[in-house]
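Undergrad: Structure below; questions to follow.
Bear in mind these aren't lab numbers, they're just calculated from the coordinates by the rules spelled out. As the structure is a prediction and not an experimental result, all values here were calculated from the model. Counting neighbours? That spans all protein chains shown, and the Cβs are built from the backbone with ideal geometry, glycine included.
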Amino acid sequence: MMNKFINCFIVIIISILLSDNFFAQSSFQSDSFKILFYNTENFFDYFDDPFTNDNDFTPKGIKHWTKNKYEKKRNNLYKIFVSAGSSEPPCLIGLCEIENDYVLKDLLYNTPFAKYNYRYIHKNSPDERGIDVALLYNPLMINVIDYKYFQVKSELNIKLKTRDILYCKLKFSDIDTFHFFINHWPSRRGGQKKSEINRIIAAKILRNKIDSLFEINVNPKIIIMGDFNDEPDDISLTEYLKVKKINANIKSNELYNLSKITENSNANGTIKYQSNWYVFDQIIVSGNLLNSTERPYIAPDSYKIINNDFLMTEDEKYTGYKIFSTYSGYKYQGGFSDHLPVSILIKF
């Protein structure tokens, strides 16, 4: 009788240990969290939306976007998110170029992603093509306190219809509260200089929200991520968002850009146009997160451009390597995106 009881007890313990929920709960004990940002390059469904300009991404459109191509794209994204983590995907993933709720639900619930029980935050933006920013998060690690969307608009350009900025107030494992901003600033269509004013408009709106946080909070922990369509040294970021380079005199109420290419960097940039690489996908943090004697802490070299072999392909035209994108012009390649994902690690 005693042996039967012991055997039953062992079976119960093993079942608990092997359950997904146990391992998810155990991640609460982690002393670090990985955060990821990724421009998914046109993560569209294959249905025609009469209210947006998504005609190219339908079966009859110029890119012949079919169910099979869409599902391959969806599965590719899952592969990236899992490979970017260690034992599980990053606990928080910022995204841009997301069409709608349908593609997010399909990604989270109809792929192996479902076992992680992630949730998402998303709202349709005024963008004419119908692409938006979104946030995926693990609710066992992150508690959403509040979120808002800020529209990027200005009297200077009343025709500007672009992606909203997503703001999220989050608490990590009931330890610390963070303020996250997910961005996808206006593109360089028409040329970098001609379109620069649109990114300056976005920078001013975001800076206004940052200033409000500094005014009403004591040492707010701020993380800004996104595809800015500008590089770290461009004036939209340096003069209007007022982002500084990391130096010896870090101030807690200033913003610092972690996004840079060094000799030891694992990639030449996050996007390649012809033979040139650019760092458009960036992560910016408040100075109080860069104090190595405090926790939480983000090391200045924490920023990584993820360029796993399966994300790259040979560049036959401009030599070297390029990003393995979904399309090359109108030619379908079956790749992942025309951007590389970027990440940081928060230590507690």
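Undergrad: In a GNM of the chain with a 10 Å cut-off on Cα contacts, which of Thr270, Thr313, Thr162 has the highest mean-square fluctuation?
TA: Thr313
Undergrad: Related question: Given the pairs Lys245/Lys272; Lys63/Lys115; Lys73/Lys242, which span a C-alpha to C-alpha distance of over 25 angstrom in this model?
TA: Lys63/Lys115; Lys73/Lys242
Undergrad: Filter the cross-link list Lys159/Lys304; Lys194/Lys304; Lys79/Lys322; Lys72/Lys148; Lys244/Lys347; Lys260/Lys331 down to pairs whose alpha-carbon distance in this structure exceeds 24 Å.
TA: The answer is Lys159/Lys304; Lys194/Lys304; Lys72/Lys148; Lys260/Lys331.
Undergrad: Dipole magnitude of the range 111-266 about its Cα centre, charges +1 at Lys/Arg Cβ and -1 at Asp/Glu Cβ only, in debye to the nearest 20? Kindly include the intermediate steps, with their values, before the conclusion.
TA: On the way: 25 positive and 19 negative charges, 62 e Å.
Using only the charged Cβ atoms, the result is roughly 300 debye.
Undergrad: Please work out how much length the chain gains when fully extended from Glu294 to Glu239, using 0.36 nm per residue of separation minus the C-alpha to C-alpha distance, in nm with one decimal. Show your work: numbers first, answer last.
TA: Numbers: separation 55, 0.36 × 55 = 19.80 nm, distance 2.88 nm.
Between Glu294 and Glu239, full extension yields an extra 16.9 nm.
Undergrad: Another question, if that's okay. Would you kindly state how much longer the chain becomes between Val144 and Ser187 on full extension, computed as 0.36 nm times their sequence separation minus their alpha carbon distance, in nm to one decimal?
TA: Between Val144 and Ser187, full extension yields 12.5 nm more.
Undergrad: As a footprinting exposure proxy, order Ile284, Ile142 by other Cβ within 10 Å, with the fewest listed first.
TA: Working: Ile284 25, Ile142 21.
So the residues, fewest neighbours to most, are Ile142, Ile284.
Undergrad: Over every pair of different alpha-carbon atoms in the range 226-286, take the mean of 1/r and invert it; report that Kirkwood radius in Å.
TA: So the Kirkwood estimate lands at 12.4 Å.
Undergrad: Then there is this: In what sequence, highest mean first, do 241-247, 179-185, 153-159 appear when ranked by Cβ atoms within 10 angstrom?
TA: Descending mean neighbour count gives 179-185, 241-247, 153-159.
Undergrad: Mean Kyte-Doolittle hydropathy of -1.0 or higher plus an axial Cα length of 20 Å or more: which whole DSSP H helices in the chain meet both?
TA: What comes out of the filter, once short or polar helices are dropped, is 2-18, 192-216.
Undergrad: Same structure again: Could you tell me, in Å, what Rg and Dmax come out for the Cα atoms of the chain?
TA: Using the Cα atoms of the chain, the pair Rg, Dmax is 21.2, 82 Å.
Undergrad: For the pair Gln333 and Phe214, how long in nm is the line joining their label points, each one 7 Å along Cα→Cβ?
TA: Result: 4.0 nm between the two label points.
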